[in-house]
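Heads up, the thing below is written out as structure tokens.
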Amino acid sequence: MKVRKAVIPAAGLGTRMLPATKTVPKEMLPMVDKPVLQYIIEEAVEAGIEDILIVTNRAKSAMDDYFDYYPELEHRLEAAGKEKELEEVKRAADLANIFYVRQKETKGLGHAIWRARRFVGDAPFAVLLGDDIMRSPKPVIGQLIDAAEAYDASVIGVQQVSDEVVSKYGVIKARPLADRLFAVEDMQEKPTLAEKFSNYAVLGRYVLRPDVFDILENQTPGYGGEIQLTDGLKKLCPENKLLAVEFEGRRYDTGNLKGFLEATIDYALDHPETGAWLKEFIREKARGL
């Protein structure tokens, strides 16, 4: 069955980016000329996703406003002859069919995804975390969709990370199936160095079959007292229902300051309006160090 729906969990409090995220959702922080969330939605759309559910909280109405029409602004831009700006403003509202549901309590990623069960129905669906930006010639979520449709299984996106950061992620124990494709045998959430199965970390992209909702509904709290998606996905492993794709592309964690700045600089260097200027600006700064 084709994957045409996606869920973007975006209900976190953004504590790693305070004080900026006290009033501005971290997913709406501007990265060059558009918010972080728009890059993620564009990746989903490029991979063939048509309907997107964003899981939010009570403090994130800015997302709903941004991906909507703004007649007053649009009329002002049209009257001023600012066609380029008008096109960009309207394009954000026309990217996809976007829906919203609130996670009324902060109960973890697994619970946030469980909130999407009525939206998803009985079809497989994509999950793109709201602060992970992926840069790749082929959309990363599209790489996972190809594997999910070919093998009729749930699929997670992984890459190898260093020992210094492995304890920040869920990691997998797996056996190779094909080039960059693995059968997942077990998973751990934020293991210590002594406990880790491997350095293959789960990084922000999933394609899940709808049977995951029954698992998450009955999942007990795990790490941090929250409903962890990793704990739920572990239950798919004994039945060989979970695969991992070592995706091609660069991942940025824009939920922390360094990752956000890395992404901003890389995208700004490639932007037609800022690339040449920024390269020269960096050279001048480097000469002064």
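The values are calculated or read from the model by the stated rules, or taken from the named source; none is laboratory data. Computed from a predicted structure; not experimentally measured. Cβ placement follows ideal geometry from the backbone for every residue including glycine, while neighbour counts extend to all protein chains displayed.
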Of the residues 223, 252, 267, which is in contact (Cβ under 8 Å) with a residue 12 or more places away in the chain, under 20 Å from residue 112 (Cβ atoms) and among the hydroxyl-bearing types (Ser, Thr, Tyr)?
223
When residues of the stretch 155-176 are filtered for being closer than 14 Å to residue 189 by Cβ, outside any strand (DSSP E or B) and of a type in the set (D, E, K, R), how many remain?
1
In the set 23, 15, 56, the lone residue that is hydroxyl-bearing (Ser, Thr, Tyr) and buried (at least 21 other Cβ atoms within 10 Å of the Cβ) is 56
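Could you run through the stretch 62-87 and say how many residues are in contact (Cβ under 8 Å) with a residue 24 or more places away in the chain, surrounded by 14 or more Cβ atoms within 10 Å (Cβ to Cβ) and either over 30 Å from residue 211 (Cα atoms) or aromatic (Phe, Trp, Tyr) (or both)?
As a first pass, look at the stretch 62-87 and keep what is in contact (Cβ under 8 Å) with a residue 24 or more places away in the chain: 62-64, 66-69.
Filter once more, keeping what is surrounded by 14 or more Cβ atoms within 10 Å (Cβ to Cβ): 62-63, 66-67.
From the residues that got through so far, the ones that are either over 30 Å from residue 211 (Cα atoms) or aromatic (Phe, Trp, Tyr) (or both) too are 62, 66-67.
Within the stretch 62-87, residues that are in contact (Cβ under 8 Å) with a residue 24 or more places away in the chain, surrounded by 14 or more Cβ atoms within 10 Å (Cβ to Cβ) and either over 30 Å from residue 211 (Cα atoms) or aromatic (Phe, Trp, Tyr) (or both) number 3.
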If we keep just the residues of the stretch 20-36 that are touching a Lys or Arg at 6+ places or on another chain (Cβ under 9 Å) and assigned to a helix (DSSP H, G or I), which is nearest to residue 9 (Cα to Cα)?
27
Mind listing whichever residues of the stretch 66-104 are farther than 22 Å from residue 46 by Cβ, part of a loop (DSSP other than H, G, I, E, B) and not polar (S, T, N, Q)?
69, 70, 80, 81, 82, 104
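Name the single residue, out of those in the stretch 130-141 being touching a Gly at 6+ places or on another chain (Cβ under 7 Å) and not acidic (Asp, Glu), that is farthest from residue 112 (Cα to Cα). Let's see the steps before the verdict.
Start the filter on the stretch 130-141 by keeping residues that are touching a Gly at 6+ places or on another chain (Cβ under 7 Å), which leaves 131-132, 134-136, 140.
Subset that is not acidic (Asp, Glu): 134-136, 140.
Numbers: 134: 21, 135: 25, 136: 27, 140: 22 Å.
Filtering first and then ranking leaves 136.
Mind listing whichever residues of the stretch 259-289 are charged (D, E, K, R) and within 17 Å of the chain's Cα centre (by Cα)?
Scanning the stretch 259-289 gives a single hit, 262.
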Quick check, is residue 155 at pLDDT 90 or above and either crowded, with 21+ Cβ neighbours inside 10 Å or more than 26 Å from residue 35 (Cβ to Cβ) (or both)?
yes
Output the number of residues of the stretch 177-188 satisfying the condition of being surrounded by fewer than 20 Cβ atoms within 10 Å (Cβ to Cβ) and either part of a strand (DSSP E or B) or at pLDDT below 90 (or both).
6
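Hey, can you tell me all the residues within the stretch 226-239 that are free of Cβ contacts under 8 Å to residues at least 40 places away in the same chain and not in a loop (DSSP other than H, G, I, E, B)?
Within the stretch 226-239, 238, 239 meet the criteria.
I need the full set of residues from the stretch 233-261 which are of a type in the set (Asp, Glu) and closer than 30 Å to residue 111 by Cβ, in order please.
239, 246, 253
Kindly indicate whether residue 105 is more than 17 Å from the chain's Cα centre (by Cα), of a type outside the set (S, T, N, Q) and surrounded by 12 or more Cβ atoms within 10 Å (Cβ to Cβ). Quick ask: steps written out before the conclusion?
Numbers: more than 17 Å from the chain's Cα centre (by Cα): yes; of a type outside the set (S, T, N, Q): yes; surrounded by 12 or more Cβ atoms within 10 Å (Cβ to Cβ): no.
It is false that residue 105 is more than 17 Å from the chain's Cα centre (by Cα), of a type outside the set (S, T, N, Q) and surrounded by 12 or more Cβ atoms within 10 Å (Cβ to Cβ).
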Exception for residue 178 within (1) under 17 Å from the mean Cα position of the chain (by Cα); (2) more than 22 Å from residue 256 (Cβ to Cβ); (3) of a type in the set (Gly, Ala, Ser) falls at (1)
Has the stretch 112-125 got any residue that is acidic (Asp, Glu) and either surrounded by 22 or more Cβ atoms within 10 Å (Cβ to Cβ) or under 25 Å from residue 35 (Cα atoms) (or both)?
no
Single residue of 113, 145, 215 found to be free of Cβ contacts under 8 Å to residues at least 60 places away in the same chain, in a helix (DSSP H, G or I) and not aromatic (Phe, Trp, Tyr):
215
Can you tell me which condition residue 264 does not meet? The list is (1) among the polar types (S, T, N, Q); (2) surrounded by fewer than 16 Cβ atoms within 10 Å (Cβ to Cβ); (3) at pLDDT 95 or above, and all the others hold.
(2)
One residue is enough: does the stretch 55-63 have a residue meeting the conditions in contact with a Leu (Cβ under 7 Å, 6 or more places away or on another chain) and not aromatic (Phe, Trp, Tyr)?
yes
